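Written out below as structure tokens is the structure these notes cover.
What follows draws every value from the coordinates through simple rules; no lab data is involved. A quick note: this is a predicted structure, and the numbers were derived from the prediction, not measured. Cβ: placed from backbone, ideal geometry, glycine included. Neighbour counts: every protein chain shown.
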Amino acid sequence: MKKYFASILVAVAIILPPGIRASGQLANVEYVHLAIEQASGISIPWHPAVSSKQVANLEYLLSVIDMANLEAGKLTQYRFHTSSMKQAVNTTAVHMAIDSLLAADPENPRTPGSVILMIGDGMGINHVNCSGGYISTLPVSAWVSTDPADCTQWWCITDSAAATTAYSCGIKTNNNFLAMNPSKIPCETVAQRAARAGYRSVIASNDSLTGATPAAFFAHTTRHEPEVILEWLALAPPMITVGSLVSPAAYTEQLISQYNSGEGENGLINGKPFFWMIEEAAIDWTSHYNDLPAMLARMDDFNDAVQAAVAFVGQNPEITLIIAGDHETGGLTENCVFTDLGHTGVDVPLYAFGEHAALFTGGVIPNDEVGRRIRRIIFP
Ligand SMILES: [Zn+2]
């Protein structure tokens, strides 16, 4: 199947008249649909909700094809730079076309797995060890490097927006950017992709709903535009549950009991793949304030959350559990002394359990590669 994608990109470029490929011009969704059909030689069902009158930006459509390539394990180049929210929503037909192409591969049987991603915002190895809690008893599976896309000669430190976009979309982007590439092209997040497949996603954080980490799973804007983030939240498919909570530990236990009972407010269905992201955001805030006791209190809760999740995956080993920081905050030393008020660029620890834990072992893994591996578990 992968060979199809290479030919599709080439063929789309050949089929489309040169004028249409110019930056900023609009193309008809139907036209691109036809181009993909001709390139692949496969008949692709047309989504009834998308009329031929609706237009989408060709640049965005090509970026969607890039995302499919990425899903197939191949990273391709993003080439263009404008898209609006409306255009992004209107590309269902192209998403479906790509699904059809992937599903048509008899040598690539799809057995999707579930993933739980637990993010300790700002959690470096010394946050773990200074807390002396449950996570410190776990073996580190790998280290995650966290550079953003917009490194300069003098500065190469990520914020939570770029770091979480690496996890949610599998791409490196600029600081402040949520689920869009450095050219501001939206990328489909793993939660949005799961929703499109009919799988439930839960995005839960003790940050506000417009916080960078939760927002990087459903919004395509910058972290400094909370009103736009809320617009995206309103557009989120019902299969994505976004929750702001007090205690990640209490929420994790609630999700597990809902899963075990096969019901609950989130409609979790035992046996169906899912994606959960559970964030403890206050490790970051307390570290910015260099407030060690407050940070340790947040680590206590996160330790309990992780302990519950590890036990859950022990009972359900077909699920993959990943626990990681998004970056380190505060320059915490081995002796538990803060040395910085901001983020540092040090690699953060990652812990992995369950069926596909082996994907996350050994050495240093770039954060965008972590995101791509998560996606490959749910969409093999
Ligand atoms: Zn921070």
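What does the net charge come to around His127 if you take all other residues with beta carbon closer than 11 Å to its beta carbon, with K and R at +1 and D and E at -1?
Details: positive: Arg298; negative: Asp121, Glu280, Asp284, Glu328.
The answer is -3.
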Taking every DSSP beta bridge that has both residues in the stretch 114-378, what percent is antiparallel when rounded to the nearest 5?
30 percent
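R0 = 30 Å: FRET efficiency of Ser257 with Thr333, Cβ-based, nearest 0.05? All intermediate terms of the calculation are to be shown ahead of the outcome.
On the way: r = 39 Å, r/R0 = 1.29.
E(calc), rounded to 0.05, equals 0.20.
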Dmax and Rg, reported as Rg then Dmax, of the stretch 114-378 (C-alpha, Å)
16.7, 53
List, in order, the whole-Hz ³J(HN,Hα) value for each residue of the stretch 366-371 obtained from phi through the Karplus relation with A = 6.51, B = -1.76, C = 1.60 and θ = phi - 60°; use x for Gly and Pro.
x, 4, 5, 5, 4, x
Between Asp300 and Cys156, what is the label-to-label distance in nm when each label sits 7 Å out along the Cα-to-Cβ direction?
3.9 nm
Convex hull projection area averaged over all views, the stretch 108-178, Cα basis, nm²
7.2 nm²
Expressed in angstrom and ordered largest first, the alpha-carbon extents of the stretch 268-364 along the principal axes are 45, 28, 20
Report the Cα-based extents of the stretch 161-294 along its three principal axes, largest first, to the nearest Å.
41, 40, 24
In the stretch 324-349, whose amide N lies under 14 Å from the spot 7 Å out along Cα-to-Cβ of Thr361? List them in ranges.
none
What is the sum of charges around Ala194, taking Lys and Arg as +1, Asp and Glu as -1, for the other residues whose C-beta is under 11 Å from the C-beta of Ala194?
+4
